[in-house]
Structures are given as structure tokens and as C-alpha cells.
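Notes follow the structure.
The values are calculated or read from the model by the stated rules, or taken from the named source; none is laboratory data. Bear in mind that the values here come from a model prediction, so they are computed numbers and not experimental data. Here Cβ is always computed from backbone atoms with ideal geometry, including for glycine, and neighbour counts include all displayed protein chains. We work out accessible area using only protein heavy atoms, side chains counted, and drop any ligands, DNA or RNA first. Shrake-Rupley method; radii C 1.70, N 1.55, O 1.52, S 1.80 Å.
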Amino acid sequence: MAILTIEHASKIYGTGVQVRAVNDLSMKMEEGEFVAIMGASGSGKSTLLNLISGILPLSSGEIRIDGRDISHLGEPEAAEFRRNELGFVFQDFNLVDTLTIRENIMLPLMLRHVPPARMNAAAESIAASLGIGKILDKRTHEVSGGQAQRAAIARAIIHSPRLLLADEPTGNLDSAAAEGVMRIFADLNARRGTSTIIVTHDAKTASFCTRAIFIKDGCILEELYREGDGLAFYDEILNVLKFMGAK
Amino acid sequence: MSFFRFALNNVMRDKESYVAFWLSSVFSIVVFFVFSANMNHPQLAQSESVQDIMRLAIAFIAVYSLGFLGLSLSAFLKRKRRLYGALLTMGMTRRQVALSIVLESLLIGVSAIAAGLVIGLVFGHLMVMLMARIIHVADIAYQFPSASIVQTVVTFSVIFLVASAAQARGICRRPIVDLLAAKVDESREMRFSKPLAVLGIVLLACGCGTCLFGVIPSVRTFVESHDALVDVIPWLIIASTLAGLFLAYRQFSFLVISRVARSRYYLREGNAIWVSGLRDRLKGSVTTMFVSTLMLTMSFSAIVVSLALVTTVRADITRDIPFGIGYFSYGDNARESSDVSEIEAELASHGVAYAKDSYGMLQTEKTIFGNKFVAQSSYERQSGRTLSIEDGQAVDVSGAAEPESSVEVPGGRVLEVVGTSTPILDTAKRSGSYVVSDADWQMLQDTGSLVDVRVFTFDVDDDAQAQEVRTACERIRSTIGVGLGDGNDFLFIPRIETIFLQEYSYEMYTYISLMLAVIFIVASISLVYFRLLSDVRESLPVMRNLNRMGLSLAQVLRIQRRQLQLLFSLPIGFAVVLTGFAMAFLISMDVASAHVYVRMAVTMVPLLALETLLFAALDTRFSGQVKSFVRPRD
């Protein structure tokens, strides 16, 4: 069953000089898939992520998540949809620095008025599974980048979203931390079947996914499905990127 | 890029941060200039009281501006610490960093001085004319205020230079690592201290409670019987209220926020965001709220008191002096007949309509002190009231709250005091005044041991014919002299003299206090504005993420508004309460009556409406910023 269906989606910025950031893009993503969206800066990949999450309105086309058309939701409905159905991981972690790690992880549950005891139990359980159980009461500036990003992932999945969206989740991490974070994403996908879309320009990060979609000028240029091991997939991705660069 | 260009860019590209501070400085400069123009105007300068009061006012503004500027610059620079740390890391010398800080502040200063002078020159003469009207100087000539321009430019240049140099020195003495360090969690520098919290409450209660000393008669009597205590009380109130308020703000805001952070409320919706933000910036927020409360209290008190005094002065004096014009003739005053004729002639020649009456009064001594006795028929004619007095009885008309039960009169007799009634004498003379039956009064006069006083009253309308009555009385005064003070046997008391004198001083007080109040209100808004602006800027990414995570824009704005509401409304609330206590103090000191509360309520309505409008404006502005940041362009 398709968790995400995009049909002829377009996004045009500007009124005078118009920029077509996403251009008549169509794609489908099955439930439990782990998809990487790749492309150079300005290719439209972050715009696509904002369209999928309902943060940006479509200029034309349609986007369905779990069968529900999110293209024409009003602002409060779109917010409620994101609150209940989506999880977000950002490149710069975007943890609230005035809160502790525990409070940051609990934030989506606070927005849903979950009782404090259940919030605490959920935060502790998820933090333990991500290896950050011992830093729950620390502040954001007291933890490493990798730990902060794990906290951000914990925050994104604590409410068991239907779709997990990550925008350059390894962009601010060193290679070891980046690999650790991607293993978490892959593990979540494998064990919990969490449908995940990761926007990245890093081939190594994308190689953890099961599918890579390449975008250029707002259109899908190429798609790759992982069939062998990660290393082979990584090579294939690099080849496409070389091809895109040459083109 | 030159340092000048660098400093100019820093200011011009962050106008939003500087605008409130700049406006506040402009207001201070305009008011300083206006006071200076009053002080230096040759016609106004002839009045020593104007000179003295303006000199005091401009000195006050200079000192206040130095403090306010230091506080504001410190807030600006705190936000830019990391930038200066980065500049030092990149190889800029400390001297260069200091220079850029001073240049930045001087740029703001020079533009504020220029704007202040332009506004001052436009409105300055108008304000000089207003002062001339208050002190009754006719035909005020325009005088180009060159001396005031020089005084303003020099004073504020020095103020800006000193304040910025001190701040620059503070920044440059810090180690680079400190400047580069991540922002400090201010709540960690604060601990709740029970003794300090209790001390704060005790001091605040002591300050506010002392304002009410007049409510308890025994305390009032005790205070009034100790002159030193009367002198010390205002300072005691100010010191204990200031210290108490600061401690209470600091300790209880920390306590309340810590409690809230442990409550269920904290974990609901986005409350954790604004509460934790407030907790982390608590030290700065407390200082802002404390200073803002003080400024608003001073403004509100000054406005309420000055308006209350100006609008009640005539009514208050009419209550103190129940007759329009009084002529008190003591013993064998040979001038009595000619003086009374002179009064009537002058009133008539100035077209003043009057009704003359006269009655006899007996006094135990030829001063304003001692007991005074008026016959019942005379009193009833003067006051329009009817009394029931038997022989051997007296009615107290001194206005005392607790009259004596009897009064001793010559001849070894004691009259029983059977009640009280409205005074007919002025406040200075009314103590010990009694109404007795006509027979007793005659008997007292016959003893020959009391001073015989003939009182002539002239009922005039000194409101409708204020100018005519005043001119006539000035002529009479110049002809007949002062009276008892000059060794003569009379007292000439025109009510209009007191009214004009009081109106003069109250209007001058109002003139100054309203201008200072405007400075304080603008400064208070400037402080809160900068604090809120910094907080909003810091919280923008958080707000955007909350929106992405599923909070609607309306919910995000509600979270943002809560912090704004607290920082904005808490100082106003405290200021209103403290202004109420300030009024209570004035009542205790007999400077104002309980009517001042009505005036306060009436005055507070437009002031609070103004504050509400400002809140709405700030809320709209900040909400707009959050909206445009949270919602990407589409």
C-alpha cells in the first residue's frame, strides 16, 4: 500500500520572475520504504520535503499521504496532520536549547496533551533504544553533535509517526557520528517498519536507504533501488551523481 | 572598510534594535533642551525659582540619561559579545573593538542629539511661552537658544562618550573565550534564597505599609510629633520599597518559574518553550522588569499627583479659606475704617461684585493662636447654618476630628462643648475657635480680658473674576501693607493670593513632571521592547520548528504572546499598585485628600489604554516577524 503518492506536483515561487522549484513531479512510496531524495543545492529537494509535510502549499498537482489528500488542507488542519502523522529530523538538530534532552524528546507528546507519566516513560524507553538514556537530564549544549541528533530522532519518532522526514540529518556531523545516525534510521526502518524519507546530497548517507531518487531542476531525473549490499548501492549512487554532474 | 563604515553598517543594518533606544534618547534630549531653554531665557531667568528648578531638572535628566544609556548599551553589547569575540579572534585589536563600540554609540548619539535639537527648536519656544504663562510673564520675546544648544550638545556628547567608553572597556577586558562562549543559562546563576525572599517581602511590606501611617491615628500622632521621623519617612519608604521590590522580583520570579517548570502546565502544548526561555533569561528579564516598574511608578505617580493637585487646588484652598477676602482688625486698630474703605474702593474700581459682612470675634491673644469665640448669630449669618446652643455651652468650629469636651473662658467659667460645625475661619486661624450663645459672647466681651477682633468679609467670585480680584488685592496689599507682621493691628487675607501662589507652583511642578513622565514611559517601553525583540529573535527558529512539528500558526503565536504579556504587564501591574501606595503616602502627609484616588483612577484609564495600544502594536509587530519566519515564502 502506498504511504505517499505525488501526482504532477508543481511549486512555483515568485509573482514577477517565476521559479519552478518543483516541476510536474510524480512519485509513489510504499509503506515501510526508506527513500533518499538526492540532488544538488537548488534542485528542489527541500521544497519537495516542505510540500510533502504540508508546510508549503502546492501550485498544482496533488499529494496523498496514507490515502489522505494533504494538498488542500487549511493551516490548522495541516498543523494537526503534521502533529499526528509526521516526524521531522533537521540538519541542525533544532533542539530547543532552553529545554533538557528529555523535554525536547517529549515535545511532540506535549503538543498532543499526553499525560506526563506516559510522556516520561515513552521518552526513557526511546532514549534507551537510541543509546542516549544517560543524558536525558542534560541541556543541549552539554551533549555532542551525534547525541543531539539522536535526541532529535527520538523526538521525531516518539509519537510513532506514519512518515518520518529528515532534511540533511547528517549534514552537521562527522563521518563516525553520521554513520551512527544512519544506522539508527536503517534500524528503525527495518525493525519498526517506519516509512522514512531522507533529503541528502551525501552518497554515503543515501546508501543506507532502499531507494534513491535523484532530482534536478524540480524533476525526477533518475531512481535507484538497492538490490545488493550498501557498498554496491553507494557505487551506483556515485555513478548517477557523476552522470548528473556531467549532464 | 573603515571603522566608521563598519560602525555605521552595524547601526544601519540593525535599525530595529536601536530604534526604541534612539527614540528614548531623543525624548530625553528634547526635554533637556526645553528645560535648558527655560533656564537660559532672559525673561524667565529673572525668576530665581524657575532657574533653580530647571537647573535641578536638567541635572536630573543628565544623571538619569547616563544610567539609562549605560543600561541600554550593556543590553546591546551583551547580545553582540560573540561578534566581538569573533572579531578579536580574527585579529582585530582590543583597541579597535573598543573604537568600533564607541563609534557605534556616538553615531546613535549624534543622530539623536541632532533630531532632539530640531524638535527642541520647533517646540522649544512654545514650551518657553507655556512657562511664561505659568509664572505670569507677559509678552515673552523669542530668543534664539544658542546657549541651550551648546549646553545640550556638550552634555549629551559627554554622556554618550562616557557611557560607551565604560561599556567598551568592560567588553574589551573580558577574555576572548568568555566572549565566544555559548550564551549563559542565567537561571543557573540564580538560587532561591528563603532569607532573601522573606527580607524582600518584609522590606516591601515595610515600604508600602509606611505609606499608610496616616490611617492609624495613634501612629500618625506619633510620627507628627517627631519632626526627624517626618523627614526620614520618605527616604525610608523609597529605600525599603526599592530593595524589597528588587528582592521580591528576583526571588519570587525564580521560585514561581521553577514551580511552573515542575507542574503539569509546563508539559502542556508549547508552555515548556516560553517558560524555559524565560527561566534561562531570568536575570536579564528581572532587571528589565524591575527598572521598568520603577520608571512606570515614577511616571504614573508624577502624572497623577500633578494633575490631581492642579485640578483640585481651587477646591482645596476654598475649603481652607472659606471667605473670598477677609480683613481682621485687632483691638484699637486706628486704620480699620480707612482700610475697609480702601478695600471697597479698589474692588469697585476693578468692577468686582462683592457682598460685605462683618462680625465680632473675641480672642485670648493677639496672634493667630489661642482660643477664639464667635457669637451664635454672627456664625449663623456667615455659615448659613443654624445651631442650637444654650448659655454655658459652645460648639467647636475648628474642624478638629476629636474636639475637647469643654473650654475654659475668662471669669473662671467652663463652657461645655456640645458639638462641632463647619469652620468659618481660614485654616491658619481656625484652631481653638468656638461658637457661643449671643448672651455668653456679650458676657465674655464685658470681661474686657479678651482681644476684640472685628472681622470684615467680602464675598467675591474669585473664580469667574479671578484676574480682577487678583489685581484689586495686589493694589490693596501695596497700599495697606502686610498687617500683624509689620507691627500693625490687622490681617488682610485675600484667598486669590493663595490660589495664584499654589496654582503657580503646581503648574510648574506639572510642567516638569509631565515631561519627565514622558521620558520615563518611553524609556520603560524602550527597555521592554529591546528585551522582547531579543527574545523573539532568539525564539524564531524554535517557533518555526514547533510549526513544522504540528503546532498551528495561531498556537505558535499564542506561545510567543504569553512571554510578551508577562514581561509587559507585570511591571505595569506593580507600577499601578505602587502608585496607589504613593498616593496613600501623600494623603498621610496631608498633601492630598482621598479624592486623589478618584483622580488616579481617571488618569490611569488613558495611561493604561495607551499601554494596551502599545502592547497591541508590539504584539502585531512581533507576530508579523514570527509569521514571516515560520511560513516560508509561497
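Here is a yes/no grid of residues against (1) open to solvent by 30 Å² or more (accessible area, probe 1.4 Å); (2) assigned to a helix (DSSP H, G or I); (3) closer than 25 Å to B:PHE60 by Cα:
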position	(1), (2), (3)
B:ARG250	yes, yes, no
B:GLU269	no, no, no
B:LYS283	yes, yes, no
B:MET289	no, yes, yes
B:MET298	yes, yes, yes
B:ALA302	no, yes, yes
B:VAL310	yes, yes, yes
B:ILE317	no, yes, no
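Consider the range B:550-572 and keep the residues that are over 12 Å from B:ILE273 (Cβ atoms) and within 14 Å of chain A (Cβ to nearest Cβ). The one that is nearest to the chain's Cα centre (by Cα) is B:LEU557. Taking the numbered list (1) within 14 Å of chain A (Cβ to nearest Cβ); (2) of a type in the set (Asp, Glu); (3) within 30 Å of B:ARG495 (Cβ to Cβ) in turn, B:GLU269 passes all entries but (3). In the range B:518-545, what residues are open to solvent by 30 Å² or more (accessible area, probe 1.4 Å) and at the interface with chain A (Cβ under 7 Å from one of its Cβ atoms)? B:PRO541, the sole residue that qualifies. Only residues that are charged (D, E, K, R) and under 15 Å from B:ASP426 (Cβ atoms) were counted across the range B:359-381, and they come to 1. If I filter the range A:192-212 for residues that are farther than 22 Å from A:MET27 by Cα and either surrounded by fewer than 22 Cβ atoms within 10 Å (Cβ to Cβ) or polar (S, T, N, Q) (or both), do I get at least one hit? The answer is yes, given that some residue of the range A:192-212 is farther than 22 Å from A:MET27 by Cα and either surrounded by fewer than 22 Cβ atoms within 10 Å (Cβ to Cβ) or polar (S, T, N, Q) (or both). Of the helices (runs of 4 or more DSSP H) lying entirely inside the range A:37-116, the ones with 2 or more residues being within 30 Å of B:ARG262 (Cβ to Cβ), within 12 Å of chain B (Cβ to nearest Cβ) and without any contact (Cβ under 8 Å) to a residue 40 or more places away in the chain are found at A:75-85, A:101-111. Taken over the range B:448-476, the criterion of being at pLDDT 90 or above, not in a loop (DSSP other than H, G, I, E, B) and not hydrophobic (A, V, I, L, M, F, W, C) is satisfied by B:ASP452, B:ARG454, B:THR457, B:ASP459, B:GLU468, B:ARG470, B:THR471, B:GLU474, B:ARG475.
In the set B:PHE32, B:PHE60, only one residue is under 19 Å from B:GLY109 (Cβ atoms), aromatic (Phe, Trp, Tyr) and at pLDDT 85 or above; that residue is B:PHE32. The residue list A:ALA9, A:ALA2 contains one member that is within 21 Å of A:GLU75 (Cβ to Cβ), open to solvent by less than 30 Å² (accessible area, probe 1.4 Å) and small (Gly, Ala, Ser), which is A:ALA9. Counting the residues of the range B:76-121 that are of a type in the set (D, E, K, R), open to solvent by less than 50 Å² (accessible area, probe 1.4 Å) and assigned to a helix (DSSP H, G or I) gives 1. Quick check on the range B:485-503. Is at least one of its residues closer than 30 Å to B:SER28 by Cα and not acidic (Asp, Glu)? Yes.
Taking the numbered list (1) open to solvent by less than 50 Å² (accessible area, probe 1.4 Å); (2) more than 17 Å from A:ARG162 (Cβ to Cβ); (3) within 19 Å of the chain's Cα centre (by Cα); (4) away from every other protein chain (no Cβ under 14 Å) in turn, A:MET29 passes all entries but (2). For the range A:12-26, filtered to residues that are open to solvent by 30 Å² or more (accessible area, probe 1.4 Å) and aliphatic (A, V, I, L, M), the residue that is nearest to A:GLU62 (Cα to Cα) is A:ILE12. In the range A:123-144, of all residues being open to solvent by less than 30 Å² (accessible area, probe 1.4 Å) and away from chain B (no Cβ under 12 Å), the one that is nearest to B:ALA272 (Cα to Cα) corresponds to A:LEU136.
Every listed requirement among (1) closer than 20 Å to B:GLN565 by Cβ; (2) in a helix (DSSP H, G or I); (3) out of contact with any Ser or Thr (no Cβ under 7 Å at 6 or more places or on another chain) is met by B:SER263 save one, (2).
Residues of the range B:546-581 that are open to solvent by 30 Å² or more (accessible area, probe 1.4 Å), of a type in the set (A, V, I, L, M, F, W, C) and farther than 18 Å from B:ASP535 by Cα: B:ALA554, B:PHE574, B:VAL576, B:VAL577, B:PHE581. Scanning the range B:93-101 turns up no residue that is farther than 30 Å from B:ALA75 by Cα and of a type outside the set (Lys, Arg). Going through (1) under 19 Å from A:PHE90 (Cβ atoms); (2) crowded, with 23+ Cβ neighbours inside 10 Å; (3) touching a residue at least 60 places away in the same chain (Cβ under 8 Å) one by one, A:LEU163 falls short only on (2).
Checking each residue of the range B:357-374 against the condition of being under 19 Å from B:ILE325 (Cα atoms), open to solvent by less than 60 Å² (accessible area, probe 1.4 Å), assigned to a helix (DSSP H, G or I) and touching a residue at least 40 places away in the same chain (Cβ under 8 Å) gives no match.
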